[in-house]
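Structure first, commentary second.
The values are calculated or read from the model by the stated rules, or taken from the named source; none is laboratory data. Computed from a predicted model, the values in this text were never measured in an experiment. So basically every Cβ, Gly included, is an ideal-geometry build from the backbone, and we count neighbours across all protein chains shown.
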Amino acid sequence: MSDDRSGSHKSWLEKLADLFSDDPQNRQDIKIILREAAERSIVDSDTLNILEGALQVSEMQVRDIMIPRSQMVSIHVNAPIQDYLPQIIESAHSRFPVMGEGQDEVLGIMLAKDLLPLILNDNREEFRLKEILRPTTFVPESKRLNVLLREFRATRNHMAIVVDEFGGVAGLVTIEDVLEQIVGEIEDEHDFDEEDSNIKEVEDGIIMVKALTPVEDFNDHFGARFSDDEFDTIGGIVIHHFGRVPECNESIRIDGWQFKVVNGTSRQINLLEVTPA
């Protein structure tokens, strides 16, 4: 039997290889070929996004995606546990930089799970934060993301502290931040399932609203009267009143409604905590 590899019998990888027969000279050529492949249904849109994201990562630096120091949730090494335990619970992060006396002195990384024995055994008097710290990984702002991802995988680290050219702390970066550049936003504990509505009450009196919620839907749910003449989404209204893209945990009061940014990036906001008037 002959090996028929023509037409529909070709795999998508073989079809993609045919497109590369012209020997692309740079990344832009590759992107054009990939988009042509998507137009021909050789690869689907999800695959195209991942491939383009992988190419983009090799062009980006840590400074492009890092969480700036002003938004870092950190812990002071000498703070009593009762002072920072509520902060740990509220942020819902799994790793926290532990700071020394200076603003640029990072003593180590604390894993939230390492506090479980303390809570279960209720031995706060004997607890010493320094004894459970994990080593800190430092990376420069200029490090390429593809190199950082390779180092994360090799060392099994999930977080690194970003330092500037003078050795000062500029921010932090996690493996999730890098992966999101490839596969898109990764849902965390604040995200809704796809089948959930844009508006969800997570606790008594605490209502989470996706920033992309249409203004009309927001008004219908809350009985509000925001205009949708200029902005289609509630996030657009919030950004307009800030006059910029707000940072996480920033709040603003608009027409008697309190909006707190719960999740977002330097380019957009994703999730809002809304307190009705």
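Annotation: of all residues in the stretch 176-196 being crowded, with 18+ Cβ neighbours inside 10 Å and at pLDDT 80 or above, the one that is nearest to the chain's Cα centre (by Cα) is D177.
Of all residues assigned to the stretch 34-50, none qualifies as being surrounded by 11 or more Cβ atoms within 10 Å (Cβ to Cβ), touching a His at 6+ places or on another chain (Cβ under 9 Å) and β-branched (V, I, T). Number of residues in the stretch 91-110 that are modelled with pLDDT of 90 or more and over 18 Å from F138 (Cβ atoms): the value is 0. Residue count for the stretch 80-93, restricted to those that are assigned to a loop (DSSP other than H, G, I, E, B) and exposed (fewer than 14 other Cβ atoms within 10 Å of the Cβ): 2. Within the span defined as the stretch 54-63, every residue fails to be under 26 Å from the mean Cα position of the chain (by Cα), at pLDDT below 75, surrounded by fewer than 17 Cβ atoms within 10 Å (Cβ to Cβ) and of a type in the set (K, R).
If you check P97 against the conditions, is it in a strand (DSSP E or B), out of contact with any Phe, Trp or Tyr (no Cβ under 8 Å at 6 or more places or on another chain) and closer than 30 Å to N270 by Cα? Considered against the rule, which asks whether it is in a strand (DSSP E or B), out of contact with any Phe, Trp or Tyr (no Cβ under 8 Å at 6 or more places or on another chain) and closer than 30 Å to N270 by Cα, P97 comes out as yes.
Applying the condition of being exposed (fewer than 14 other Cβ atoms within 10 Å of the Cβ) and under 24 Å from the mean Cα position of the chain (by Cα) to the stretch 252-274 and asking which residue is modelled with the highest pLDDT yields Q268. Just one residue in the set I199, I239 is more than 30 Å from S58 (Cα to Cα), at pLDDT below 90 and crowded, with 16+ Cβ neighbours inside 10 Å; that residue is I199.
If a residue has to be touching a strand residue (DSSP E or B) at 6+ places or on another chain (Cβ under 8 Å) and modelled with pLDDT under 90 to count, how many in the stretch 223-236 make the cut? Counting residues in the stretch 223-236 that are touching a strand residue (DSSP E or B) at 6+ places or on another chain (Cβ under 8 Å) and modelled with pLDDT under 90 gives 2.
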